[in-house]
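All remarks here apply to the structure that follows.
Nothing in this text is a laboratory measurement; each read-out follows from the coordinates by a stated rule. Here the structure is a predicted model, which means the values were calculated and not measured. Cβ placement follows ideal geometry from the backbone for every residue including glycine, while neighbour counts extend to all protein chains displayed.
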Amino acid sequence: MDPAADEYPEHVRVVVIGGGPGGTACALALNRLSAEMGRQAHITLLEGKQFKGERHYNQCVGVLAPPLPDLLENQLKVPFPHHLCLMEIDGYVLHSNDQEIFLGGADENSFALRRVQFDEYMLDAVIQCGIPMSSARAVDLEFHNDGVTVYTDSSSLEADVVVGAFGLDEGSASMFARTTAYRPPHALSSIVTKYVSNPGSEVDFGTHIHAFLPSHPKIEFGAITPKCTHLTINIAGKAVDADLMITFLNHPEVQAVLSNFEHAGAMDSEQPPLFKGRFPSSLAHHYYGDRYVMVGDAAGLVRAFKGKGATTAVLTGIRAAETIMGHGFSERAFHDYFLPANHEIIEDLPYGRIMRLAAIYLSRLGYMDAVIRAARQSPEIRSALYDAVSAHALYKDIMKSSLNRKSILAVIQAISQKYT
């Protein structure tokens, strides 16, 4: 690669692979920055899925968390789609095997919507800005000293830099792995299903997400998210499958929450509709280099419990655009500017892994019940649980605020009460 790439040309060609939140945010930010800086940016966004008409989906629970409204309106000049929001989420109910606790108190709430509608909205914003969009899929890459050739299933494109915003798409990841040092992040599996109200029963589920930390060795966590007309239910683990979803749905704590609901489509079929996806559990290797950079899930730049996935994708997409337009697109430019811009996310990943492992082992050993009992008496523990579940605070800060003598003694006392 040519180190002179940082001698920034007046005209830059960018191909963005992937039209989810990270890709559309990057394209919109590039377009805005080019106008503000008086530089020409020829941007092409590739997205093989058809979100209009809900023909294709990105598997996602569909919760938009702060500061996404601010990022859209102030950074991208795109109105936040309040009209798409089905419900405002104002808290969480955390369940262990035998205990539960309500967690709330944020200044800003999250919003539940249908992810496919949000993806369509963001792609429409790209089109309205006059940014070229192609429904073709990228199938191969060639990196040259003076640019990148992007081959699609319908034609080829020439670019100065390529942005990978393809999530965990295995075909796109292998394409970059063949031509660069990029290696995708490790990932957890996720199974998603949907429940609706029983016929003739109008049920007000409330405005809280129910989060579960079961003791099952293969299910790391599960959640039930209200969407007004239905509930979205998901579980996650290293290798979750349809049988494990059924096991989760039959758990007494889950059954108690779902007592007035049934599987969507259950009246027509014995098999409930299930959807499978994945999300990162580590940082990708070499997620940037000469003339390429990954954002969002493709880079592994997410929270340990998949909090704020769409928000982080938008944020990293904007930061990639700022690096390209302001500093260039060599490996050194990304190392000197894109990497430090995401320092807060990267630095917090080890703390997130520690908390994730702690939650797994506390649940499997049956001690999460004691943690919840202690949280009822300890504002510090209750606040830490809320921040961990909602992703409203860094895991580093959560650990600093909760791992103190008073909190530890409260948990030990709650554990000892179990045996007295």
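Worth a mention:
- Within the chain: Cβ-based charge dipole about Cα centre, in debye rounded to nearest 20 (Lys, Arg +1; Asp, Glu -1): 1160
- Treating each Cα of the chain as an identical point scatterer and summing with the Debye formula, the log10 of I(q)/I(0) at q = 0.12, 0.13, 0.14 Å⁻¹ comes to -0.98, -1.12, -1.25.
- Measuring against 27 Å, Cα to Cα, the residue pairs Lys238/Lys406; Lys49/Lys77; Lys238/Lys308; Lys194/Lys396; Lys52/Lys227; Lys194/Lys400 contain Lys238/Lys406; Lys194/Lys396; Lys194/Lys400 as the ones spanning a longer distance.
- Straight-line cross-link reach from Lys218 at under 13 Å between alpha-carbon atoms covers these aspartates and glutamates, not counting any fewer than eight positions away in the same chain: Asp241, Asp243.
- Estimated dipole of the stretch 358-418 in Debye, rounded to 20 [Cβ of Lys and Arg +1, of Asp and Glu -1, Cα centre]: 160
- Radius of gyration and maximum dimension Dmax of the stretch 269-388, Cα, Å: 18.6, 56
- Helix axis angle, 343-364 relative to the chain longest principal axis, alpha carbon, degrees: 30
- His335, His216 arranged by Cβ crowding within 10 Å, fewest neighbours leading: His335, His216
- For the stretch 358-418, the relative contact order comes to 39 percent (Cα pairs under 8 Å, sequence separation of at least 6).
- Measuring max minus min along each principal axis, the C-alpha atoms of the stretch 358-418 give extents of 31, 24, 16 Å (largest first).
- Sorting Asp297, Asp204, Asp290 from the fewest to the most surrounding beta carbons within 10 angstrom yields Asp204, Asp290, Asp297.
- In a simple Cβ point-charge model (Lys, Arg +1; Asp, Glu -1; nothing else charged), the stretch 140-264 has a dipole of about 480 debye relative to its Cα centre.
- Residues Cys129, Cys26, Cys60, sorted so that the one with the fewest Cβ neighbours within 10 Å comes first: Cys129, Cys60, Cys26
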